[in-house]
Amino acid sequence: MEELFNLTYKDEVEALKDEEEFEALGDKKYINHEDFEARLYWAFCRPSGSHADQIKDKHPLVSIMAFNHSRLDALERFCLLHKDVIEDEELRKKIRNRSRMLFRDLVDNDFNELNKVLEMVPIYIDVAVDQLINGRKWNDIVANEYEATLFLDKAKDFIDDAFMEAFYEKLQNFEEFDASEVKEFIEKLLPQKEHLSTVILEFYYEQAMEWLDECDLHILQKKSLEKLAKKLI
């Protein structure tokens, strides 16, 4: 860091910190500064995180610094990131840790934005798969079945037992469902059937069968739900 920063700009920024409009003054002075080192330093120390215009900077190192220090979501960051960063393996290493964290969040949600980001930067599919398998789980958001189907196709070269175990964790669990919820869920899937992976449909069929084995419904109700579940496969 010290090799990159001209200490003159560091002193200038320090001198501005006591001003009431510190960030606004810094933006005016440094976001479009002619010296890339000034832009680089401001991308690093802007109080509320890097500005979108800094991620769009014409110099890849400024774009990298802003990408790493931004508070924008993953989709916005990758949309704005300098194209050289994606195309150059050595430059990509400079956003490796932040990218891993962003994909952790993308995988932890419904896969909608995950797929959009992977459309832009397919080279990160290995990071997405790694975070699916090894990343910490922060919430219980299940994947949208259609988006999960798209992700399966993108990740087809990485599918193994560990992948599938983690993938199934992202799908809806029937364990806490009652009969009406099981019925409603299956009925929601059926109109989408032709657009969904058979892997997902078979998973839900098995879930339904396990649920029926353990429930205490009347035999006729069980038969009705079983007949409905069989339409998934």
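The values are calculated or read from the model by the stated rules, or taken from the named source; none is laboratory data. As the structure is a prediction and not an experimental result, all values here were calculated from the model. Positions of Cβ are generated from backbone atoms using ideal geometry, with glycine treated the same way; all protein chains shown enter the neighbour counts. We work out accessible area using only protein heavy atoms, side chains counted, and drop any ligands, DNA or RNA first. Shrake-Rupley method; radii C 1.70, N 1.55, O 1.52, S 1.80 Å.
Summed over the residues of the chain and divided among them, the accessible surface reaches 58 Å² per residue at a probe radius of 1.4 Å. Each principal axis of region 1-118 carries a Cα extent, and these read 44, 30, 20 Å when sorted largest first. Computed from Cα atoms, the angle from the helix 36-45 axis to the main principal axis of the chain rounds to 50 degrees. For the chain, the longest principal axis of the C-alpha atoms and the axis of helix 60-69 are separated by about 60°.
Sparse packing (at most 13 other Cβ atoms within 10 Å of the Cβ) combined with a DSSP loop state is found for the following trypsin sites (Lys or Arg not before Pro) in region 166-233: 231.
Cross-link pairs exceeding 21 Å in C-alpha to C-alpha distance, out of 154/183; 56/93; 193/227, comprise 154/183. Extending 7 Å from Cα along the Cβ direction at residue 84 and again at residue 185 yields two label points whose distance is 5.0 nm. Each Lys and Arg contributes +1 and each Asp and Glu -1, all at the Cβ; summed about the Cα centre of the chain, the dipole is approximately 480 debye. The residue 168 and residue 231 beta-carbon pair, evaluated with R₀ = 22 Å, returns a calculated FRET efficiency of approximately 0.60.
Eigenvalues of the alpha-carbon gyration tensor of region 75-212, scaled by 5 and square-rooted, set the equivalent ellipsoid semi-axes at 32, 14, 13 angstrom, largest first. Just so you know, the Rg over Rh for the chain is 1.17, from Cα atoms, with Rh as the Kirkwood radius. For region 88-174, which chymotrypsin sites (Phe, Trp or Tyr not before Pro) pass both filters: DSSP loop (anything but H, G, I, E, B) and at most 15 other C-beta atoms within 10 Å? Passing sites in region 88-174 are 138. Between the beta carbons of residue 215 and residue 161, assuming R0 = 45 Å, the FRET efficiency works out to 0.95 to the nearest 0.05. Expressed as a whole percent, the accessible area of the chain that falls on carbon and sulfur atoms is 47 (1.4 Å probe). Here the relative contact order of region 156-233, from alpha carbon pairs under 8 Å that lie six or more residues apart, stands at 39 percent.
Taking 0.36 nm per residue of separation and subtracting the current Cα-Cα distance, fully stretching the chain between residue 93 and residue 25 would add 21.3 nm. When peptides 91-102, 52-63 are sorted by average Cβ neighbour count within 10 Å, with the highest value leading, the order is 52-63, 91-102. Compared with the direct C-alpha span, the chain from residue 153 to residue 17 gains 44.0 nm at full extension, assuming 0.36 nm per residue. The modelled label-to-label distance between residue 123 and residue 75, using points 7 Å beyond Cα along the C-beta direction, is 2.3 nm. Summing +1 for each Lys or Arg and -1 for each Asp or Glu among the other residues whose beta-carbon sits under 11 angstrom from that of residue 9 gives -2. Just to confirm the number: angle between the C-alpha axis of helix 7-16 and the first principal axis of the chain, 0 to 90 degrees, nearest 10? In the chain, helix 7-16 runs at an angle near 80 degrees to the longest axis.
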